[in-house]
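A short write-up of the structure that comes next.
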Amino acid sequence: MDTVKKQEGFESEKLLVLPEYIIEEIIENPLLQSLYVTDIGYFPHAKYHYRDRSEGCDTTILIYCAAGEGWVELNGAKPLKLKANMLIVIPAGTPHSYGAAEQNPWSIYWFHIKGSQVKELVTCFGLDEGLLQIPISTFVKFVELFNQCYDTLLHKLYSPLHHISVSQTIKYLLSILGLTSTQTLQKERKKLYLEKAINYMNENINGTITLSELAQYAGLSKQHLIHLFKQETSFPPVDYFLRLKINHAGQMLDLTNQTVKQIAISLEMDPYYFSRIFKKIMGCSPSEYRMIQKG
């Protein structure tokens, strides 16, 4: 059931729902099948705004609170309070309801998106993990890109090229929100541990480090460090360090006249082992890599 409670309109509101026949044309375009907008709008000072979708909907919804307050309830759980410069993404199929606070009603930017890559993009950038706080600098960029998409759809609704432009802009927008949002304290700590460990690796790129040494420097147990690296980079710490070394070796092959043997020794690696690992990671031998024209 889809329940709506709001006034006849909010002053200066923006609202655009794509007609079904336009969407049918969109999903036939291979460049739009990954992500496209179905609904987009802005409700300022949206007193009495309320939505209830007990069975969810087939679109993923992003709500960005620019001012005031509101609440969002997902899967019947305790309502989450959405305040200024906070956003929430409601995945497709998730039962939900939301509304503006009575005393200080929210002003929200929102859009609905569909497509084969929407779920992966949202998950990749951690946008489906509850409330996210957004810095003011990102909000300014968000409004700029949002208005660009809205105006494009409003005035170029029948242009496939402009729909493609909006699709790419929304992908970029999602990436910005994901990269700049403030995650939970636990996620922030993970990020700091990871950055500390990787910085230590880069500082010792020409030497060797042990897992115990790295764990001690990062302030974690070896097991916890391994779990963190696998979770965030898909590689164990030692393997990640080795890949950093090989990447650095590639730069040396491109930018210096040192021999392969000299580069291997500078990285404190056996030349034969270095060549074998380089080919395994890069797909070609160091000598072959050096011969590839780049730039």
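A single member of T233, T138 is free of Cβ contacts under 8 Å to residues at least 40 places away in the same chain and of a type in the set (S, T, N, Q), and it is T233. Take segment 195-231 and flag every residue that is outside any helix (DSSP H, G or I) and among the hydroxyl-bearing types (S, T, Y). The answer is T208, T210, S221. Criterion first (at pLDDT below 95 and charged (D, E, K, R)) does D239 satisfy it? No; evaluated as a whole, the condition is false for this residue. Scanning segment 58-70 for residues that are buried (at least 17 other Cβ atoms within 10 Å of the Cβ) and either in a strand (DSSP E or B) or without any contact (Cβ under 8 Å) to a residue 24 or more places away in the chain (or both) turns up T60, I61, L62, I63, Y64, C65, A66, E69, G70. What do you reckon, is V260 over 30 Å from the mean Cα position of the chain (by Cα) and farther than 30 Å from G130 by Cβ? So V260 passes the test. I'd like the residue in segment 105-143 that is in a loop (DSSP other than H, G, I, E, B) and either over 13 Å from the mean Cα position of the chain (by Cα) or aliphatic (A, V, I, L, M) (or both) and, out of all such residues, is surrounded by the fewest Cβ atoms within 10 Å (Cβ to Cβ). Residue satisfying both the conditions and the ranking: S116. Only one of the listed residues (Y200, Y158, Y150) is out of contact with any helix residue (DSSP H, G or I) (no Cβ under 6 Å at 6 or more places or on another chain) and modelled with pLDDT of 95 or more. That residue is Y150. Among the criteria (1) touching a helix residue (DSSP H, G or I) at 6+ places or on another chain (Cβ under 9 Å); (2) at pLDDT 90 or above; (3) assigned by TED's automatic domain parsing to the domain that holds I226, the one E195 does not fulfil is (1). When L220 is tested against the conditions (1) modelled with pLDDT of 95 or more; (2) within 28 Å of L132 (Cβ to Cβ), the lone failure is (1).
Based on this model, can you work out whether Y150 counts as part of a helix (DSSP H, G or I), in the same structural domain as L15 (by TED's automatic domain parsing) and of a type in the set (F, W, Y)?
Working: part of a helix (DSSP H, G or I): yes; in the same structural domain as L15 (by TED's automatic domain parsing): yes; of a type in the set (F, W, Y): yes.
Taking the combined requirement at face value, the residue satisfies it.
Step by step: first the residues of segment 147-161, then only those that are closer than 13 Å to L15 by Cβ and hydrophobic (A, V, I, L, M, F, W, C), then the one that is surrounded by the fewest Cβ atoms within 10 Å (Cβ to Cβ). Which residue is that? Step through it out loud before you land on a result.
Step one: of segment 147-161, the residues closer than 13 Å to L15 by Cβ are 150, 153-154.
Filter once more, keeping what is hydrophobic (A, V, I, L, M, F, W, C): 153-154.
Working: L153: 21, L154: 12.
Checking each candidate, the answer is L154.
The values are calculated or read from the model by the stated rules, or taken from the named source; none is laboratory data. Since we're looking at a predicted model, the values are computed, not measured. Every residue, glycine as well, gets a Cβ built from its backbone with ideal geometry; the counts of neighbours run over all protein chains shown.
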